[in-house]
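Asker: Take this structure first; my questions come after.
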Amino acid sequence: MGKYTVPENIRKMKPKGTIVKFIHNKYYVYEHFNKKDSDGKWNTQSGKLLGYINPNKGFIPNTNFIMSEDITTLEYGQYAVVLNNSKNTLNKLLNHFNTKDAYTIYLTAVIHIVNGFTPLKDIEEYIKQNYISLMHADIKFSYHCLSSLLDALGRKQTKVHMYICPYN
């Protein structure tokens, strides 16, 4: 075999499709892929840093290593109970607001009911973690969308008043 700067026992710990570089007495793991140059020749290239290898523990990923994967298990139970018991509220909202706004208001309230007070910046993450994300994939729950909606509800109150007091 050829001469390597990284010992074989360390190379065995690296994930597939990566390369290990020994820098400042530490084994860093990077993405590794082939790329075709403008002259048509293939070269190997390193990508972003994925983590490092501890000889005693193995590969230690950066915090974003697993975070980049899609969520595969969604919460259902508590949300199903709240959604089934609050259909009248949704119907009332749909009578006074456009469909998108009604669902955004309603589902934001559902998040608050199930999780208690939830800052606007965290609501999108809660939505991604439960089956609401499958049912309402077309609705955006980013901080900007939610804060804009709340600002509009506070400044343009005609529909809000009709919702609260429909007989006045």
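Asker: Can you name the residue in the stretch 114-123 that is outside any loop (DSSP other than H, G, I, E, B) and not aliphatic (A, V, I, L, M) and, of all such residues, is most open to solvent (accessible area, probe 1.4 Å)?
Answerer: Checked the stretch 114-123; the qualifying residue most open to solvent (accessible area, probe 1.4 Å) is Lys121.
Asker: Something else: Any chance the stretch 151-162 includes a residue that's closer than 22 Å to Thr72 by Cα and open to solvent by 60 Å² or more (accessible area, probe 1.4 Å)?
Answerer: no
Asker: State which residue is farthest from the chain's Cα centre (by Cα) when the search covers only the stretch 36-77 and only residues that are modelled with pLDDT of 85 or more and hydrophobic (A, V, I, L, M, F, W, C).
Answerer: Top of the filtered list is Trp42.
Asker: When Lys140 is evaluated against the numbered criteria (1) outside any helix (DSSP H, G or I); (2) among the charged types (D, E, K, R); (3) more than 27 Å from Lys159 (Cα to Cα), which criterion, by number, is the only one it fails?
Answerer: So the condition that Lys140 fails would be (3).
Asker: To continue, here is another question. From Tyr131, Tyr76, which residue is aromatic (Phe, Trp, Tyr), touching a residue at least 40 places away in the same chain (Cβ under 8 Å), exposed (fewer than 14 other Cβ atoms within 10 Å of the Cβ) and more than 17 Å from Leu146 (Cβ to Cβ)?
Answerer: Tyr76
Asker: Inside the stretch 77-103, can you point out the residues that are of a type in the set (S, T, N, Q) and in contact with a helix residue (DSSP H, G or I) (Cβ under 6 Å, 6 or more places away or on another chain)?
Answerer: Gln78, the sole residue that qualifies.
Asker: Hey, another quick one. Yes or no: Tyr126 of a type in the set (Phe, Trp, Tyr) and open to solvent by 100 Å² or more (accessible area, probe 1.4 Å)?
Answerer: The answer is no for Tyr126.
Asker: Quick check on the stretch 79-106: of everything there that is assigned to a helix (DSSP H, G or I) and among the polar types (S, T, N, Q), which residue is nearest to Leu150 (Cα to Cα)?
Answerer: Once the filter is applied, the top-ranked residue is Thr104.
Asker: Which members of the stretch 23-45 meet the condition of being touching a strand residue (DSSP E or B) at 6+ places or on another chain (Cβ under 8 Å) and either exposed (fewer than 14 other Cβ atoms within 10 Å of the Cβ) or among the hydrophobic types (A, V, I, L, M, F, W, C) (or both)?
Answerer: Passing the criteria: Lys26, Val29, Phe33, Asn34, Lys35, Lys36, Asp37, Trp42, Asn43, Thr44, Gln45.
Asker: Follow-up. Of all residues being of a type in the set (Gly, Ala, Ser) and modelled with pLDDT of 90 or more in the stretch 133-147, which is nearest to the chain's Cα centre (by Cα)? Just the residue, please.
Answerer: Out of the qualifying residues, it is Ser142.
Asker: Name every residue in the stretch 148-158 that is within 32 Å of the chain's Cα centre (by Cα) and either assigned to a helix (DSSP H, G or I) or within 12 Å of Leu93 (Cβ to Cβ) (or both), in order of residue number.
Answerer: The answer is Ser148, Leu149, Leu150, Asp151, Ala152, Leu153, Gly154, Arg155.
Asker: Quick check on my filter: what residues within the stretch 99-113 are open to solvent by 30 Å² or more (accessible area, probe 1.4 Å) and either at pLDDT below 90 or not basic (Lys, Arg) (or both)?
Answerer: Thr99, Asp101, Tyr103, Ile105, Ala109, His112, Ile113
The values are calculated or read from the model by the stated rules, or taken from the named source; none is laboratory data. Note that the structure is predicted; figures quoted are calculated from it, not measured. Note: ideal-geometry Cβ built from the backbone for every residue, glycine included; neighbour counts use all protein chains shown. SASA here: full protein model, heavy atoms, side chains in, ligands and nucleic acids out. Shrake-Rupley method; radii C 1.70, N 1.55, O 1.52, S 1.80 Å.
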